[in-house]
1. Over region 51-129, what relative contact order in percent results from Cα pairs under 8 Å that are six or more residues apart?
2. Can you compute the equivalent ellipsoid semi-axes for region 110-257, i.e. the square root of 5 times each eigenvalue of the Cα gyration tensor, sorted largest first and rounded to whole Å?
3. Let me check against my output: what whole-number percent is the relative contact order of region 110-257, with C-alpha pairs under 8 Å and at least 6 apart?
4. Sort Thr121, Thr191, Thr170 so that the residue with the fewest other Cβ atoms within 10 Å of its own Cβ comes first and the one with the most comes last.
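Since every read-out is calculated from the coordinates, none of them should be taken as a lab result. A quick note: this is a predicted structure, and the numbers were derived from the prediction, not measured. Note: ideal-geometry Cβ built from the backbone for every residue, glycine included; neighbour counts use all protein chains shown.
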Amino acid sequence: MKIELSRRRLLLGALSGAGAALLSGCDQLTQNDTVSGWLNQTERLTRASQRLLGGQRLAPEFSEADISPLFRANGTQMPDSDEYARLLANGFADWRLRVTGLVQQPLSLSLSDLQRFPSRTQITRHDCVEGWSAIGKWQGVPLGLVLDAARLRPSARYVVFLCADELEQTLDGSGRYYESIDLQDAWHPQTLLAYRMNDQPLPVAHGAPLRLRVERQLGYKHAKYLMEIKVVDSFAQLWGGRGGYWEDRGYEWYGGI
Ligand SMILES: Nc1nc2c(c(=O)[nH]1)N[C@H]1C(S)=C(S)[C@@H](COP(=O)(O)O)O[C@H]1N2
Ligand SMILES: [Mo]
């Protein structure tokens, strides 16, 4: 816990030291060599310390009174594809979460299917590398329960989250947002597929109809607008091969807090 808190202070210190005004976007942060070198070092440190402290260490949880009156939306706030517009117009009745890849039972789950799983509610703090944090309340199905239903094959190693949005508009789809986590974090009790935020259905700006919450990791790991969960043994073949949209642009894969 001590390591965790002092790292957060260092991170915010590094951000303000680099000049908050210059850091309006995640990409600008990585272009700063000092900060990115520093992130590389602490990445190894936090990942190792989280593993040493045990895979199931919980992120701090807060009370209703701590919920931030304003929770910023960041990155995509409205996916601009026709497909997403159609799904939204119909209140996500036609939306399905596909679970594919190294599973014995591929799944296609509606929002009400997901809401029939046992749910967990947690009030946690979200930390974005751009230097802001917010406390919010999340309700969703623990990811591990969905993976249990899909029954992973023995070769499974990572869970990849494929999103509806292209954060960078490209002709070849290389700007698609995606993320990945390992199996230990996938079964962490606070790792949720969240469909409610602050007692309301998840708003579009925050990733409707479903987003990931991985509470011991930085904001960019919390993939919004989930369309498909793909279980893989490697992410080398996906886009830039580093396991996520921002990872392909220089961010660390683990992103521990
Ligand atoms: N699909 C998708 N997920 C995403 C992003 C995005 O642009 N697209 N931005 C990430 C970043 S950098 C952060 S800080 C959080 C922001 O979540 P919020 O909009 O609910 O604040 O979502 C993450 N997940
Ligand atoms: Mo972020």
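1. Value for region 51-129: 35 percent.
2. Semi-axis lengths for region 110-257 are 22, 19, 15 Å.
3. Computed over region 110-257, the figure is 25 percent.
4. Ranked by crowding around the Cβ, least crowded first: Thr170, Thr121, Thr191.
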